[in-house]
Amino acid sequence: MQAGVVHLGLGAFHRAHQALVYERLIAGGDLRWGVVGVAMRSTQLADALAAQDGLYSVQIADARSVRWQVPGALLRTCVAARERQQVVGAISAPSTRWITLTVTEKGYAPDLAALIVDGLAQRRAAGLPGVTVASCDNLSDNGRKLQALCLVEAASRDAKLAGWIESQCAFPNSMVDRIVPASTEAQHAAARAALGVEDQGALSTEAFWEWVIERRMADPSDASLLASVGVTVVDEVKTFEDAKLRMLNGSHTALAMIGAVQGWATIADGMALPEVRRFVHAFITRVAMPGLARPGLPAYRDALLERFANPHLHHRAHQIASDSSLKIPLRWGPALAEGLAAGRELEPLALACAAWMRYLRGEDEAGQAYAMSDPQADVLKALAGEHAGDAEGTVRALLSVASVWPAGCADDPRWAPRVLHWLRRIETAGTRAALGEVVASA
């Protein structure tokens, strides 16, 4: 088997998603899709997987079945912060055909582009062909953004290098979808019980997966290869990307805010409550779906409801709630802006916004304190605390955070009063009662 893929971002998602796609290609006899997995900073997982010869177990479960898979596509691991030259060497290796990334949804940094360009520069100097550089991060227009950053970095060194990258390398946009909870000791124990092995890389995921990628590849024949193993290859990714961001990610963030405030352990715990399931249906249908163009929206919505309720996925509410100040502009912002412009009713989103404000107090409705993982946690928590007991002041202060909400939100008579209404209902009647009321308000 050849190491044909260098993957940057050796996390749970890649190992339960793209790596299994490459595994299908290899199982079909195409041995060019072995993976060099690159952790960006953390050494623990990379070293643990190296000690296991790149093998790890994946529990794949839905409401009807549970099965285990041990993929073998991961050939070796390294850590960019510790072994930068190994990463550059892997990118510039003759067998490498693809570079894929699951690094962040916070946006790409120049040092990432410098790493990629170092490897591409060595490929060019060696007379090797270009590669496909496929971002799989949850970023809109991700391929173009990564390409632009790499071209700026390359142009700062050598205009001819930038020209070679632009003409010889392909940067397709793509959208990936699979729920993969963070690995836990409980998952390691499940692997031990099911397989009789100690596995520090054990994962769980759902049966559903989707990879939609633009038909823009350094080797055009890769499009049909990927399609043969279930990847959706299209000319335009945006319709799929928008649907995922608004329907899956948007409702997931709403659930996380509500769940953290109510003290749910996992999203599935909440989805077992009838009013929560009705709320998610209403959020997706009334807030997220209008204006979307993905084929089969109602079926996609109904599949999401089943996926969120999957009892085998222990997807923690607080994990999904992390980095909310970065996620909300991407997941809620477009639906809010378009909904206000079109005069649409946005009550489920207003309740979700109010739940976010309640979440920022750092204590659930049972009085249990929790930590918030967010780059603006201190600022946002201070604003929420400063206006404790003053719902109107809380709404005005938090809707005025320009990095999170569109300009003018705090003064919009169609939006701010509805957020205020639901924050007051959460404070007086509790989040569960407010959920029932917002569903009944349709």
Quiz prompt | Of all residues in segment 416-442 being among the β-branched types (Val, Ile, Thr) and within 18 Å of Val280 (Cβ to Cβ), the one that is modelled with the lowest pLDDT | solution = Val439
Self-check item: Failed item in (1) assigned by TED's automatic domain parsing to the domain that holds Gly143; (2) under 20 Å from the mean Cα position of the chain (by Cα); (3) polar (S, T, N, Q), with Thr253 passing the rest
Solution: (1)
Quiz item: Does Ala410 meet the test of being outside any helix (DSSP H, G or I) and at pLDDT below 95?
Solution: no
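Yes or no, residue by residue, for (1) out of contact with any Ser or Thr (no Cβ under 6 Å at 6 or more places or on another chain); (2) at pLDDT 95 or above:
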| position | (1), (2) |
| --- | --- |
| Leu273 | yes, no |
| Arg278 | yes, yes |
| Ile284 | no, yes |
| Val287 | yes, yes |
| Gly296 | yes, no |
| Arg307 | yes, no |
| His314 | no, no |
| Gln319 | yes, no |
Practice problem: Output the residues belonging to segment 55-84 that are closer than 19 Å to Val5 by Cβ, of a type outside the set (Lys, Arg) and not in a loop (DSSP other than H, G, I, E, B). | Solution: Val58, Gln69, Leu74, Leu75, Thr77, Cys78, Val79
Practice problem: Pick out the one residue from Ala227, Ala223 that is buried (at least 17 other Cβ atoms within 10 Å of the Cβ), out of contact with any helix residue (DSSP H, G or I) (no Cβ under 9 Å at 6 or more places or on another chain) and in the same structural domain as Ser140 (by TED's automatic domain parsing). | Solution: Ala223
Practice problem: Having 3 or more residues that are hydrophobic (A, V, I, L, M, F, W, C) and closer than 23 Å to Arg215 by Cα is the bar; report the helices (runs of 4 or more DSSP H) wholly within segment 93-204 that clear it. | Solution: 110-125, 142-155, 159-168
Practice problem: Scan segment 231-258 residue by residue and report those that are touching a strand residue (DSSP E or B) at 6+ places or on another chain (Cβ under 8 Å) and either at positive phi or not aliphatic (A, V, I, L, M) (or both). | Solution: Thr232, Asp235, Glu236, Phe240, Glu241, Lys244
Quiz prompt | From Arg82, Arg32, Arg24, residue being of a type in the set (Lys, Arg), in contact with a strand residue (DSSP E or B) (Cβ under 8 Å, 6 or more places away or on another chain) and surrounded by fewer than 21 Cβ atoms within 10 Å (Cβ to Cβ) | solution = Arg32
Quiz item: In segment 1-43, how many residues are assigned to a helix (DSSP H, G or I) and not basic (Lys, Arg)?
Solution: 13
Self-check item: Enumeration of residues in segment 19-60 that are closer than 26 Å to Ala193 by Cα and among the polar types (S, T, N, Q)
Solution: Gln44, Gln52, Ser57, Gln59
Practice problem: Among residues belonging to segment 354-384 that are among the charged types (D, E, K, R) and more than 23 Å from the chain's Cα centre (by Cα), point out the one that is farthest from Thr431 (Cα to Cα). | Solution: Asp378
Practice problem: Identify the single condition in (1) at pLDDT 95 or above; (2) under 22 Å from Arg331 (Cβ atoms) that Gly343 does not satisfy, given that it satisfies every other one. | Solution: (1)
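Residues are listed down the side, and each one gets a yes or a no for (1) in contact with a Ser or Thr (Cβ under 9 Å, 6 or more places away or on another chain); (2) in a helix (DSSP H, G or I); (3) of a type in the set (D, E, K, R):
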residue	(1), (2), (3)
Leu351	yes, yes, no
Arg361	no, no, yes
Gly393	no, yes, no
Ser403	yes, no, no
Pro417	no, yes, no
Quiz item: Does Pro413 satisfy the condition of being surrounded by fewer than 18 Cβ atoms within 10 Å (Cβ to Cβ), closer than 30 Å to Leu203 by Cβ and not aromatic (Phe, Trp, Tyr)?
Solution: no
Practice problem: Scan segment 76-85 and give yes if some residue there is in the same structural domain as Val117 (by TED's automatic domain parsing), touching a residue at least 12 places away in the same chain (Cβ under 8 Å) and touching a Gly at 6+ places or on another chain (Cβ under 7 Å), otherwise no. | Solution: yes
Exercise. Show the residue pairs that are 6+ apart or on different chains and have beta-carbon atoms under 7 Å apart, the first residue being within segment 188-208 and assigned by TED's automatic domain parsing to the domain that holds Ala48, the second being charged (D, E, K, R) and outside any helix (DSSP H, G or I).
Key: His188/Asp199; Ala191/Asp199; Arg192/Glu198; Thr205/Arg178; Glu206/Asp62; Glu206/Arg178; Ala207/Asp62; Phe208/Arg178
Self-check item: Residues satisfying the stated conditions in segment 128-175, i.e. of a type in the set (Ser, Thr, Tyr) and closer than 16 Å to His7 by Cα
Solution: Thr132, Ser135, Ser174
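The values are calculated or read from the model by the stated rules, or taken from the named source; none is laboratory data. Note that the structure is a prediction, hence the values are computed from the model and not measured. Positions of Cβ are backbone-derived with ideal geometry, glycine not excepted, and every protein chain shown enters the neighbour counts.
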